[in-house]
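Report on the structure given below.
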């Protein structure tokens, strides 16, 4: 098998892109950092969903994403229904018609990226809580069953940027986490627990920055 | 009742004697001392925090103290603003509205009259950090009804117009022309300005007399409900608001009580508080009051107190059971099987049982006729379970 591209493939869904919009990290939008850090691939459903969101919310500022999306859009090279049948059906996963189409196609894109030697593992970036947080959510079930990679949400990505870039200041990172958390919604308890958890992890990185600064040399 | 009442008649304190004692002690200290208090009230959903806010909002419910005490106590309550782009600014407007412009004018007039205009202005400048904002606050005194009694009669129409413009200044801001009419250089700017103005106004209620002599000052209590909703604020919304609250505390080093209600079901409580409210605000907390769940016996006392409040005068003559209309084992069973023993849970469950008992018996009911026994309570529980599934 020929040597693969060493870059990491990241498959963001529509929600995660929209939730990261306008979040300033070192004078650049967090969305654009995705393209700087990873090989971003999105299914052809994502541009459609993005446009639908803009149609519903004309004030939604997605120009920064819209410029990047066309070059990252990948169409599945195999039959969609057949591929879903092969991978989802054995796990007992069934869907209602066109629901979650963006996430479904992105998941199949994960299989394609690995099978076609594009990458070894993927980062599946989604803020779709229902599909991920419960044990029966289809994305969680799929990634638990098959060795495709990891599932991140937008807050994980911000933590990653904080780990990678020392100039990303603590206060700015706290604000960024807070901003994304408010966009991800949920019950008051769920939002509170999520913000607490991620701030706790941020504090761990912050402590490490001070105690083992050579880690970043 | 599932939501706390607002009218005085229904605001009684039932059971929860330790909690009442704790809160009373805080308010006693507030009346007898100069220290600024930042009291964090935390507990589960339905635990009584909003009820306490409404109860103590009526100053006749404050504990009576003897000896040296403040002249007056003002209690103003607001909820954390919701669904707003600028919560700090909305909070400022809500507090001003709750205080009532007429009372604000009177308080400013009284405060300035007590220390004299010059010293008063100096104090206001010190608190606001701005000559313009200080002058705006001082101007409120001119339109106090008390001031009007002492001043020669001016042109009524022009005076009304100035009064209206000044009120507009504090709420929405004025055009350049309107500012010129008022003799002011600029509007109240951002949230930082608003909290400074709030600080100055609260200080007028407290009194501008220097020193910390208790009898020369009043106490201002600002009670904020639903602080857990700070989780909904973005970074840009959250920082000016929490900074403003911190500034308020720092600018009012005496005779100010800030009470913060926070619903918390998290085992990692302290960490959560710091994340949601910010470490700087949490660090300024001087007292913690925990609205914990009641024990079995406390819950029964609570129900008894509530029932006692609503008893008809004839109750004593009828020799009825102590927990009437509940039989003892029925009430004990009801309380024991609650998911939690908060006032809301107890109220909700008792309401369901009482309503069902009344609806089944109303045709034959005379006062004292209905009793709720253990079988009835169990049958209601079984019906609810069936409905759930």
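Data for the structure
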| item | result |
| --- | --- |
| Neighbour-count ranking [beta-carbon atoms within 10 angstrom, fewest first] of A:209, A:67 | A:67, A:209 |
| Per residue Cα convex hull volume in Å³ - calculated over the protein assembly as shown | 243 |
| Calculated [θ] (222 nm, deg cm²/dmol) that DSSP helices of n ≥ 4 give over the protein assembly as shown, each run adding -39,500 (n - 2.57) | -17000 deg cm²/dmol |
| Antiparallel content of DSSP bridges confined to the protein assembly as shown, in %, to 5 | 10 |
| Distance in nm between pseudo-label sites at residue B:58 and residue B:157 (7 Å out along the Cβ direction from Cα) | 4.6 |
| Which of A:122, B:303 has the fewest Cβ neighbours within 10 Å, and the rest in rising order | B:303, A:122 |
| Degrees, to the nearest 10: A:101-115 long Cα axis against longest axis of chain A | 90 |
| Cα gyration tensor shape of region A:93-205, rounded if a/c is under 1.5, else prolate or oblate by comparing a/b with b/c | oblate |
| Shielding of B:222-233 by partner chains, average beta-carbon count, 10 Å | 3 |
| Taking all pairs of distinct alpha-carbon atoms in region A:75-129, Kirkwood radius in angstrom | 12.1 |
| Rg/Rg_ref, chain A, where Rg_ref = 2.2 N^0.38 Å and atoms are Cα | 1.04 |
| Packing-based exposure ordering (other Cβ within 10 Å, fewest first) of B:18, B:113, B:217 | B:18, B:113, B:217 |
| Among B:334, B:133, B:259, residue whose mean-square fluctuation peaks in a GNM of chain B (springs only between Cα atoms under 10 Å) | B:334 |
| Chain A: angle of helix A:63-72 to the longest principal axis, Cα-based, in degrees nearest 10 | 50 |
| Nitroxide proxy distance, nm - points 7 Å out along Cα→Cβ at residue A:76 and residue A:164 | 2.9 |
| Equivalent ellipsoid semi-axes - Cα gyration tensor, chain B, angstrom | 47, 23, 20 |
| Computed label-point distance, nm, for sites residue B:336 and residue B:68 using a 7 Å Cα→Cβ extension | 5.4 |
| Cα-based shape type of region B:1-129, given that a ≥ b ≥ c are square roots of the gyration tensor eigenvalues and the cut on a/c is 1.5 | oblate |
| For chain A, built as a Gaussian network whose Cα springs stay under 10 Å, the top-fluctuating residue of A:128, A:103, A:64 | A:64 |
| Rounded tilt (10° steps) of A:45-56 against the dominant C-alpha axis of chain A | 70 |
| At R0 = 56 Å, FRET efficiency that the Cβ-Cβ distance of residue B:113 and residue B:378 yields, to 0.05 | 0.25 |
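Read-outs throughout are calculated quantities, based only on the coordinates presented, and are distinct from any laboratory measurement. Note that the structure is predicted; figures quoted are calculated from it, not measured. In this analysis, Cβ positions are derived from the backbone assuming ideal geometry, glycine residues included, and neighbour counts consider all displayed protein chains.
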